[in-house]
1. Give all pairs with beta carbons closer than 8 Å in which a residue from the range 630-653 that is within 10 Å of the ligand (Cβ to nearest atom) meets a residue that is assigned to a strand (DSSP E or B) and at pLDDT below 70; count only pairs at least 6 apart in sequence or on separate chains.
2. Test each condition in (1) in a helix (DSSP H, G or I); (2) surrounded by 13 or more Cβ atoms within 10 Å (Cβ to Cβ); (3) modelled with pLDDT under 80 for GLN165 and report the one that comes out false.
3. Regarding the range 468-482, can at least one residue be identified that is open to solvent by less than 20 Å² (accessible area, probe 1.4 Å) and modelled with pLDDT under 90?
4. For the range 541-551, does any single residue satisfy the condition of being touching a Lys or Arg at 6+ places or on another chain (Cβ under 6 Å), open to solvent by 10 Å² or more (accessible area, probe 1.4 Å) and either part of a loop (DSSP other than H, G, I, E, B) or modelled with pLDDT under 85 (or both)?
5. Picking from ASN463, ASN509, which residue would you name as being within 14 Å of the ligand (Cβ to nearest atom), in contact (Cβ under 8 Å) with a residue 24 or more places away in the chain and out of contact with any Pro (no Cβ under 9 Å at 6 or more places or on another chain)?
6. Just to be sure, is SER512 part of a helix (DSSP H, G or I), open to solvent by 10 Å² or more (accessible area, probe 1.4 Å) and small (Gly, Ala, Ser)?
7. Kindly list, by first and then second residue, each pair from a residue in the range 141-161 that is within 12 Å of LEU123 (Cβ to Cβ) to a residue that is at pLDDT 80 or above and loosely packed, with under 12 Cβ neighbours inside 10 Å, limited to pairs with Cβ atoms under 7 Å and residues at least 6 apart or on different chains.
8. Is there any pair linking a residue in the range 431-442 that is open to solvent by 10 Å² or more (accessible area, probe 1.4 Å) to one that is more than 6 Å from the ligand (Cβ to nearest atom) and in a loop (DSSP other than H, G, I, E, B), with Cβ under 8 Å and at least six apart or on different chains, and which?
Amino acid sequence: MQRLWVRCIRCVVPHLSPQRLPARGYRLASCLRKQDGRSPRKAIQVPGEPIRRHFKKGLLTVLDGSLQPVTVTEIRQYLRSKNVSFRDGYSCLHVPSPFTPERDTCLFIDKTTGRFLCKATLLEGSWEDFQDSMELLHKEGCSYLSPDILAGYLAESDSDSAEAQLNDSEVRRIWDKAVWFSDLGEEEAELIKAMYNITKIANSTLKKFGVKCFQPTKSLVFPWYNPRDFSLNGLKLLSAESHKQKIHYTETTFPRPARYYNLFGLCVSGKKETEVVITNGEVDCLAIHQSTGVTTLALPRGASCLPPVLLPYLEQFKRIILWLGDDLRSWEASKLFARKLNMKRCSLIRPGDKQPSPLQALNDGLNITKILKASLPASHKSIISFRQLREEVFGQLENADQVAGVKWARFPELNKLLKGHRKGELTVFTGPTGSGKTTFISEYALDLCIQGVNTLWGSFEINNVRLAKIMLTQFALQRLEEQLDKYDEWADRFEDLPLYFMTFHGQQNIKSVIDTMQHAVYMYDITHVIIDNLQFMMGQENLYTDRFAAQDYMVGAFRKFATDNNCHVTVVIHPRKEDDDKELQTSSIFGSAKASQEADNVLILQDRKLVTGPGKRHLQVAKNRFDGDVGVFSLEFNKPCLSFASTKGKQKVKKLNKDAETPSSKASEETPAKNKK
Ligand SMILES: Nc1ncnc2c1ncn2[C@@H]1O[C@H](COP(=O)(O)OP(=O)(O)OP(=O)(O)O)[C@@H](O)[C@H]1O
């Protein structure tokens with residue numbers, strides 16, 4: 001049943017193309033399965049192939065191939081049936097690799113997805129590819145699959161090759177031009193270190209981790225070494241820019257972020273080490289290692305995600321300390337990552353005054369060893385006392401603004417009412433037919449995604465190409481039809497967003513949809529899922545003959561998913577009745593009161609009565625569980641760029657009486673200070 005997700009997730013946007021190895025120089029091959037007449041698929045990577053070119057014009061095309069889901073029990077059963085010995089690891093099963101002659105070389109099979117990685121050859125593929133490899137091994141009657149045997153099954157990928165070559169030459173150019181800090185003049189080295197707050201990091205530490213300085217832009221250069229032969233896979237440039245007396249740091253990666261899988265520090269860590277500290281950024285990694293000498297690794301994209309392709313590299317560690325930063329978002333991320341890494345071996349550093357980020361701790365002269373010793377075990381019993389909760393509660397009170405969630409940049413009025421977008425909540429969104437629900441919710445989600453909220457779209461009504469076109473227009477805030485020469489520039493930037501699409505279209509079974517969402521949370525650390533719209537799951541639900549009972553059941557399923565996965569779910573629902581003379585109300589949506597209780601937020605796009613001009617809409621927050629503020633504000637529609645974003649400064653927000661469903665003349669009016677006379 002989970003199999004569908006693989007097909008859906010893989011077929012979506014660039015990020016979801018078959019995963020790249022965390023090491024360059026490997027190529028995607030057509031599936032070994034081609035041998036038995038089944039359709040070839042791209043999944044196994046073997047030496048020699050440059051990076052595969054991800055989407056450009058062919059955005060969101062649905063790939064052929066229906067992968068079946070697999071459970072860890074099925075994997076174990078299969079291995080036993082083939083007499084393959086295996087060891088149960090933390091996130092992976094460890095089996096002897098069929099790709100090398102050395103029998104003690106491990107191949108890691110992800111227990112959740114079945115994907116495999118052979119660390120010796122850096123070959124990777126799906127569970128089906130592994131099964132095919134075993135069949136091929138049997139067919140060829142050999143002890144292992146040498147590159148010669150595999151060569152016959154490889155596919156060329158020209159488009160990837162072009163991108164890989166471009167990447168290689170850029171990486172080489174920057175790397176060759178960059179210099180070691182010890183080779184810089186003392187004054188210049190100190191000045192550059194000061195820009196990055198790393199004056200306490202010794203040149204020897206920087207050299208040990210391979211950190212250089214790119215003088216033309218005064219950037220730090222962090223290398224991505226191939227763990228097999230220490231060649232360069234890519235690099236990250238950290239640059240500092242002063243803006244309004246504040247320093248802004250920007251990161252540029254080669255290859256682009258979606259393909260940058262560098263566990264920084266891996267090449268320094270020993271193969272026999274059993275303890276590791278994982279940090280958000282490279283400079284934090286340097287700070288901890290320099291002060292304590294412990295093995296420390298930095299995540300490629302910080303606290304935003306822990307890609308499962310990296311899990312095999314962490315299997316050797318019996319104990320993992322996650323120290324991701326000093327804010328609530330990092331704390332939330334460390335709890336999420338601990339689930340993926342297996343809670344039993346994880347401890348977390350809770351942000352606090354005496355536990356800032358590792359680099360800050362070094363700069364403040366704090367005892368880093370002591371902080372590491374005070375880390376909290378991630379696994380907790382189901383019954384806990386307030387004593388165990390009190391620090392957590394204090395953290396929430398201390399960081400009230402962060403607890404309120406991510407703020408919208410384009411909809412300040414929403415921040416006023418909802419205070420922010422929080423993980424683990426369920427938002428129900430409705431509006432009359434054709435009122436612009438998809439258009440609005442697309443921009444509402446895009447806004448958050450631009451700010452780093454990992455987003456998964458389930459668009460059942462309009463296809464993904466159309467949806468992506470709407471989003472790209474909203475992203476660029478201009479009609480690209482008339483400026484096609486700018487398409488690539490915007491598409492490149494759009495491609496770097498943490499944005500994923502399910503490839504479902506039309507009527508779907510809710511179980512497949514929830515399985516897909518579950519998989520996406522594991523693979524891409526998704527924290528916001530949009531379902532547009534619920535009606536497309538109704539037809540498949542035979543359990544309930546009553547439409548509203550079915551709707552309640554589905555809202556309940558999404559509620560449970562949001563809570564269990566600490567992931568926000570926004571569900572678009574068509575109203576059950578539309579009366580031309582009346583605004584919609586919460587009761588216009590739900591079948592019963594039970595379902596309305598499930599939602600944390602109810603948003604209604606109103607286009608009647610309150611309309612004061614063509615194209616004018618109002619957004620009503622009809623329910624807000626977080627702090628109870630409900631109200632309404634108007635939305636201006638800018639048709640060329642399909643945007644509802646406020647362009648005329650702050651809009652008026654009309655706060656409503658909590659009990660009042662619709663705006664009334666008695667409602668108190670809150671006017672932004674700017675507009676008050
Ligand atoms: N405020 C607005 N004024 C005028 N046109 C709009 C406005 N908002 C959206 N549109 C346009 O209306 C059309 C329908 O929009 P959209 O698909 O977002 O509506 P919907 O409510 O999701 O529709 P449905 O009820 O079919 O799901 C689109 O062409 C969109 O560009």
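1. none
2. Exception for GLN165: condition (2).
3. yes
4. We begin by selecting, within the range 541-551, every residue touching a Lys or Arg at 6+ places or on another chain (Cβ under 6 Å); these are none.
No, the range 541-551 contains no residue that is touching a Lys or Arg at 6+ places or on another chain (Cβ under 6 Å), open to solvent by 10 Å² or more (accessible area, probe 1.4 Å) and either part of a loop (DSSP other than H, G, I, E, B) or modelled with pLDDT under 85 (or both).
5. On the way: ASN509 fails: within 14 Å of the ligand (Cβ to nearest atom).
Just a single option satisfies the conditions, and that option is ASN463.
6. It is true that SER512 is part of a helix (DSSP H, G or I), open to solvent by 10 Å² or more (accessible area, probe 1.4 Å) and small (Gly, Ala, Ser).
7. Going by the 7 Å Cβ cut-off, the qualifying pairs are TYR144/PRO101.
8. Cβ pairs passing all conditions: THR433/HIS574; THR433/GLU578; GLY436/ASP607; GLY436/PHE644; LYS437/ASN533; THR438/ILE462; THR439/PHE644.
The values are calculated or read from the model by the stated rules, or taken from the named source; none is laboratory data. Owing to the predicted nature of the structure, the values given are computational and were not obtained by experimental measurement. Cβ atoms come from the backbone with ideal geometry, glycine included; neighbour counts cover every protein chain shown. Note: areas computed on protein heavy atoms with side chains; ligands, DNA, RNA excluded. Shrake-Rupley method; radii C 1.70, N 1.55, O 1.52, S 1.80 Å.
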